[in-house]
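Enquirer: Right, I'll just put the structure down here and ask away after.
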Amino acid sequence: MPASRCPDLVTMLSELIASPSVSCTQPDWDQSNLQVIEKLESWLSALGFQTEIMTVDAQAGKANLIATLGSGPGGLVLSGHTDTVPFNAELWNSDPFKLTEKDNRFYGLGTCDMKGFFPIAIEAARKFIEQPLQQPLIILATSDEESSMNGARALAEAGRPKARYAVIGEPTGLKPIYMHKGMMMESVRVEGKAGHSSDPSLGANALDAMHSVLTELIAFRTDLQKKHQNKAFKIAEPTLNLGCIHGGDNPNRICSRCEVEYDLRPLPGMDLDNLREDVSKRLAPLADKFGVQISTQALFPGIPAFANDEQSDLVKKAEQLTGYQAESVAFGTEAPFLQRMGMDTIVMGPGFIDQAHQPDEYLAFDQIKPTVAILEKLIEQYCL
């Protein structure tokens, strides 16, 4: 395919926004990302990249794309996710799937988080198509970042791609991010025994037991926050949010089942499996006390916390190019999975996180050219 068939930046962005790729834990919302992957593959192939579509979930139509220009043992990865979150169309002032230009902004679902990064990365790569690279430039597109991170997990399990440096283009206002908290979403289920409310001995009340479960979870949160602190974060402690609770069916019936779901944001150095084990141990004595069964379950595998060395080559180079000191954030990304493969990794991209996951999501025009320029400098540094 001739290079002329790779469209200009705005056309690419428009076509990506017009390609729905919602990922969600709820099946009614979840969609394939193949349309986005196939567009990116055709454009990058036209520019001379060697491309590979990696199947993540064939039945659900989920895939990653690894596009490589040049070869060698090191190189630079420019990485993004192809999926978006669900949306409320009635709250938008424009069609979420139509790129709309207004007030020096591009509006559309995914403009900021983070389909907009791909046309910018491709625009930066164009400059180097005719130049012999000493190390490879890899553009990486993943699936399901907004739900399970299964795309990034598949890459980490395969140990691919291989590179020395990685930039994940999440919306950070072009500030380099070298550290973020992890994320766990967990549930605790209490199974009791139903009976008539007039005689408590006829059953085992799951709500009574859940009261003590909640007390224990709150005590666990307090203990974690006493033991673990990192002043590099705006909120220095790990957080544990009790998010929702469901149980019972009628006031005059002993509650036979109750379930709570919570969100835990661990700091770097806190292991997800160890945290789960700690919760299970703390809750186990309550089962005998109330005559119930208590089970815990991870609602998804979780995102490890991420921390790079503040003095790493990529962190210092990004600080030099942007004029910003590297920071930490509370939201999770695919960074720990790329770091696991041995890459010096940062999170840095156009747009701002407060525009993500919102009606009328947008990417401001003034974020585009600076991002292209910064990525060009990074490609020069690590690939030429």
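Enquirer: Enumerate the lysines that Lys234 could reach by cross-link, defined here as Cα to Cα under 17 Å, with residues fewer than 8 away along the same chain left out.
Expert: Straight-distance partners of Lys234: Lys175, Lys181, Lys226.
Enquirer: Can you pull out the GluC sites (Glu not before Pro) in the range 1-109 that DSSP calls coil and that have at most 14 other Cβ atoms within 10 Å?
Expert: For GluC sites (Glu not before Pro) across the range 1-109 that sit outside H, G, I, E and B with at most 14 neighbouring Cβ atoms in 10 Å, the list is empty.
Enquirer: Answer rounded, prolate or oblate for the range 153-296, using the Cα gyration tensor with square roots of eigenvalues a ≥ b ≥ c: rounded when a/c is under 1.5, else prolate when a/b is larger than b/c, else oblate.
Expert: Prolate, since a/c reaches 1.5 and a/b exceeds b/c.
Enquirer: In square angstrom, rounded to the nearest 10, how much accessible surface does Ile235 have for a 1.4 Å probe?
Expert: Solvent-accessible area, nearest 10 Å²: 90 Å².
Enquirer: For the chain, what is the calculated [θ] at 222 nm in deg cm²/dmol (nearest 500), taking -39500 (n - 2.57) for each run of four or more DSSP H residues and dividing by its residue count?
Expert: The helix contribution divided over the chain gives -9500 deg cm²/dmol.
Enquirer: Rounding to the nearest 20 debye, state how big the charge dipole of the range 11-73 is about its Cα centre with +1 on each Lys and Arg Cβ and -1 on each Asp and Glu Cβ.
Expert: 140
Enquirer: Name the lysines eligible as straight-distance cross-link partners of Lys62: C-alpha to C-alpha under 25 Å, and not fewer than 8 places from it in the same chain.
Expert: Filter leaves Lys39, Lys98, Lys115, Lys162.
Enquirer: So how tilted is helix 117-126 from the main axis of the chain? Cα-based, degrees 0 to 90, rounded to 10.
Expert: Between the helix axis and the principal axis of the chain, the angle is about 20 degrees.
Enquirer: Further question: About its Cα centre, what dipole magnitude does the range 237-298 give when the only charges are +1 on Lys and Arg Cβ and -1 on Asp and Glu Cβ, stated in debye to the nearest 20?
Expert: 280
Enquirer: Continuing with the same structure: So what's the angle, to the nearest 10 degrees on a 0 to 90 scale, between helix 313-322 and the longest Cα principal axis of the chain?
Expert: Rounded to the nearest ten degrees, it is 70.
Enquirer: Mark the label point 7 Å from the Cα of Leu299 along Cα→Cβ and return the residues of the range 109-150 whose backbone N is within less than 15 Å of it.
Expert: In the range 109-150, the label zone of Leu299 (backbone N under 15 Å from the point 7 Å along Cα→Cβ) covers 146-149.
Enquirer: Probe radius 1.4 Å, ligands and nucleic acids ignored: give me the carbon and sulfur share of the accessible area of the chain as a rounded percent.
Expert: The computed percentage sits at 47.
Enquirer: Ordered by residue, what ³J(HN,Hα) values in Hz, to whole numbers, does the range 161-171 give under the Karplus form 6.51 cos²θ - 1.76 cosθ + 1.60, where θ = phi - 60° and Gly and Pro are x?
Expert: My calculation for the range 161-171 gives x, 9, 7, 9, 9, 8, 10, 9, x, 5, x Hz in order.
Enquirer: Using a Cα-Cα cut-off of under 18 Å, which aspartates and glutamates could be cross-linked to Lys316, ignoring same-chain neighbours fewer than 8 residues away?
Expert: Counting by Cα, and skipping residues close in sequence, Lys316 has these aspartates and glutamates nearby: Glu327, Asp344, Glu376, Glu380.
Enquirer: Additional query: Please determine, in degrees from 0 to 90 and to the nearest 10, the orientation of helix 206-227 with respect to the longest principal axis defined by the Cα atoms of the chain, where the helix direction is its Cα long axis.
Expert: Its long axis makes an angle of about 50 degrees.
Enquirer: Also, I was wondering about something else. Please compute the net charge surrounding Ile294, taking Lys and Arg as +1 and Asp and Glu as -1 over other residues with Cβ under 15 Å from its Cβ.
Expert: Here the count lands on -2.
Enquirer: Something else: For the range 299-305, what does the Karplus curve 6.51 cos²θ - 1.76 cosθ + 1.60, with θ = phi - 60°, yield as ³J(HN,Hα) per residue in whole Hz, taken in order and with x for Gly and Pro?
Expert: 6, 7, x, x, 10, x, 5
Enquirer: Taking only protein heavy atoms into account and a 1.4 Å probe, give the accessible area per residue of the range 238-324 in Å².
Expert: 53
Enquirer: If you don't mind, there's one more thing I want to ask. To check you understand DSSP bridge types, tell me what percent of the beta bridges within the chain (both residues inside) are antiparallel, rounded to 5.
Expert: 70
Enquirer: Can you tell me the accessible area per residue over the range 131-191, all protein chains present, probe 1.4 angstrom, in square angstrom?
Expert: 28
Enquirer: Turning to a different aspect of this structure: Name the residue farthest towards the positive end of the dipole of the range 114-162 from the options Ala156, Thr142, Ala124, assuming +1 on Cβ of Lys and Arg, -1 on Cβ of Asp and Glu, about the Cα centre.
Expert: Ala124
Enquirer: Something else about it: For Arg340, Arg189, Arg253, Arg276, give me the order by solvent-accessible area with a 1.4 Å probe, most accessible first, ignoring ligands, DNA and RNA.
Expert: Greatest to least solvent exposure: Arg340, Arg253, Arg189, Arg276.
The values are calculated or read from the model by the stated rules, or taken from the named source; none is laboratory data. Values in this document were obtained by computation on a predicted structure and should not be read as measured data. All Cβ positions, even for glycine, are placed from backbone atoms using ideal geometry, and neighbour counts span all protein chains on display. Surface areas here come from the heavy atoms of the whole protein model, side chains and all, with no ligands, DNA or RNA. Shrake-Rupley method; radii C 1.70, N 1.55, O 1.52, S 1.80 Å.
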